[in-house]
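Data block below; observations after.
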Amino acid sequence: MMKKFLLIVCGSFVGTTLALLVFMLMSIVFSIAMMSMGDSMGKSTASVQKNSILHLKLEGEIAEREGGGDMSMMAMLQGNNTSSMGLNTLLAAIEKAKTDKKIEGIYIECEGASAAPATRLTLRNALKDFKQSGKWIYAYGNEGIGQGDYYLATVADSIFINPVGAVDVHGMASAIPYFKKVLDKVGVEMQVIRVGTFKSAVEPYMLEDMSEANKLQTEHYMGSIWHNMRDSMAADRKIDVARFDQLTDSILLCMEPDSLVKNKIVDGLCYPVEMEARLKALTKVKKDDDLRLVDPADYANTVEESVSGDHIAVLYAVGEIVQQGSNNPMSDLDAIVGEKMVKQIKKLQDDKHVKGMVLRVNSPGGSAFASEQIWKALEDFKASGKPLAVSMGDYAASGGYYISSGAQRIFAEPTTITGSIGIFGIIPCYEELAENKIGVHMAVVKTNENADMGITTKKLTPSQKNALQRMINNGYDLFTKRCAQGRHVTQDSIKQIAEGRVWEGTTALKIGLVDELGNLQAAIDWVAKKANMKKDFKTQNYPALSTDWRSMLNMMMQQQYELKLQGEMGMLYDWHKQLQKIGNRDHILCLMPEVVIE
């Protein structure tokens, strides 16, 4: 017995010792890797040879901001060199290449990048500006060119596809899943309290099909975005708009490649090796030599090092708004955590070297409580005498507009989704499911009439529902009041364009929700002018990107778990993530409807 006990103790000791040794070894490896990365961050841009080409490979997600040291390190350890590209990196590379004599032109390789219309418009405008330098842009699609990539490719001097490739331009459609029938089948009732006829984020849980109000607003903003894209593509391809519409409606995806050339959708057909030869001829590179392709990330050198002295702060507010962070670091990367954002704004307010701020918003909204806290922090920032502007990205709607509304000047792209000034709450009722479907009865003992509110499966009583409606009404009144204060108009005028209605940037400018159509740089320039900054002013992005190896390791483990789960669940994974997100939300939300536009 004693011998067995000693063996167990020794075995535990050996196991613990081995675990500690492995952990120490990993720590050393990570530390060396991080030091190596730190050294590389301090180095200058990778050298560029003469007759080089800036290579924009459109694949993966085009995110707002480059992932930083932690995500780059994760990609390196996992052998993944195709992580998402930051919009800031692409724009910086294009701007730099415009005046670099060693860069002959830009080669766009269309591999199916994922990005919303406003991001694509920003990138497209940068490419058009690049062409003003007199340099060329060529685009190529091997298997084919999807609609989003084609929108960017039409800026090019010439577009080529594989002789058996295709081009898919089909217009826009919005797909919104409605869950009412399935919820009825399983015995779950989503008790919805909302303000705003157009506040359609709750519709999938209370209706079986799209309301007329939601259909009206979706047709309006989607039609405006498509017309903006269509007109640009048709103009750059020198095709009459009516003819372009005909081609779009002809199921372009199935058109023969020769006909694509004939109809000026593309300029020519060639295999990848022939495209390479064409680019070599353009840059006078010998046939046996490699093309001198320059990667935007290496070239732009957008590693975010701390700046010294006076500067303009660019604070990124990206993702759904939540009050507190989760235990999942991957989730927090795609969220605006209210408590963290408030602290960050306060730091920038107190920093004497920060002379002004641009809040870069790309958010569909979220927690009403967190939105109010961020709004107050931004008001305090303005009260300190520092200028504040907002630059809207793909989305700045509902809570995203709430936190934007107080800015001294709001910039948006024509295809930005904004507005959605409304508020709602959802409280699920599982009474039918529990009592009649699975046979679970909740026995309740209470001291007061509403003591059990929210802790049982039972339906809300009329008095409870009325009380919640009053609270939602008060939240809506506060939301519209904040917007009216920020826009310097009456609350009634805000309510006329509110009601939860979603608008695109072009219309938002006409009705006064934004001040100017322009990109992030336009907002930065405005703040710099207001702050009386010199021409060569500096900017600094916030929050600082983490390079802590512990958080990186935690994220890598979480990412591996998510990848495994995705592989096991297949198509159900997206639904799982959606339900998980719903479960973690506050009960009272300023959130725009889920939109899938293809």
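Would you mind checking Lys135/Lys286; Lys135/Lys284; Lys343/Lys382; Lys347/Lys530; Lys376/Lys535; Lys57/Lys534 for any pair whose Cα atoms are more than 26 angstrom apart?
Correct reply: Lys376/Lys535; Lys57/Lys534.
FRET efficiency for Lys50 and Met190, Cβ-Cβ distance as r, R0 = 45 Å, nearest 0.05?
0.10
Across the range 420-436, in residue order, what do the Karplus-derived ³J(HN,Hα) couplings come to in whole Hz, using 6.51 cos²θ - 1.76 cosθ + 1.60 with θ = phi - 60° and x for Gly and Pro?
My calculation for the range 420-436 gives 6, 7, x, 8, 7, x, 10, 10, x, 10, 9, 4, 5, 4, 5, 6, 9 Hz in order.
Amide H to amide H under 5 Å from Asn541: which residues, 5+ apart in sequence or cross-chain, H placed 1.01 Å off N in plane?
Those qualifying (amide H under 5 Å, at least 5 residues apart or on another chain) are Val314.
Can you bin the range 360-425 into rounded, prolate or oblate? Criterion: square roots of the alpha carbon gyration tensor eigenvalues sorted a ≥ b ≥ c, rounded for a/c under 1.5, prolate for a/b above b/c, oblate for the rest.
In terms of gyration-tensor shape, oblate.
So who's got an amide H within less than 5 Å of the one on Val502, skipping anything under 5 residues away but keeping other chains? H placed 1.01 Å off N, in plane.
Ser420
What do you get for GluC sites (Glu not before Pro) in the range 152-252 restricted to DSSP loop and a cutoff of at most 14 other Cβ within 10 Å of the site's Cβ?
Glu208
Could you run the Karplus curve 6.51 cos²θ - 1.76 cosθ + 1.60 with θ = phi - 60° over the range 240-253 and give me ³J(HN,Hα) per residue in whole Hz, x for Gly and Pro?
Working through the residues one at a time gives 4, 4, 4, 5, 4, 4, 4, 5, 4, 7, 8, 6, 4, 4 Hz.
How large is ³J(HN,Hα) for each residue in the range 145-155, as worked out from phi by the Karplus curve 6.51 cos²θ - 1.76 cosθ + 1.60 (θ = phi - 60°), to whole Hz, x for Gly and Pro?
10, x, 4, x, 5, 5, 4, 6, 5, 5, 5
Please label the shape of the range 129-177 as rounded, prolate or oblate, based on the square roots a ≥ b ≥ c of the eigenvalues of the alpha-carbon gyration tensor (a/c under 1.5 means rounded; beyond that, a/b larger than b/c means prolate, else oblate).
oblate
Treat the count of other C-beta atoms within 10 Å as a stand-in for reagent exposure and order Leu589, Leu545, Leu253 from fewest to most.
Leu253, Leu545, Leu589
Would you list Met453, Met592 from fewest to most Cβ contacts within 10 Å?
Fewest-to-most Cβ neighbours within 10 Å comes out as Met453, Met592.
Check Ser114: other-chain or 5+ apart residues with amide H under 5 Å from its amide H, H built from backbone geometry?
Amide H to amide H, under 5 Å and 5 or more residues apart or across chains, Ser114 pairs with Gly60, Glu61, Ile62.
Among rounded, prolate and oblate, which fits the range 87-144 when a ≥ b ≥ c are the square roots of the eigenvalues of its C-alpha gyration tensor, a/c under 1.5 means rounded, and a/b larger than b/c means prolate?
oblate
Every number here is computed from the coordinates shown, using simple stated rules; none is lab data. Because the structure is predicted, anything quoted here is derived from the model rather than measured. Glycine gets a Cβ as well: all are built from the backbone with ideal geometry, and neighbour counts include every protein chain shown.
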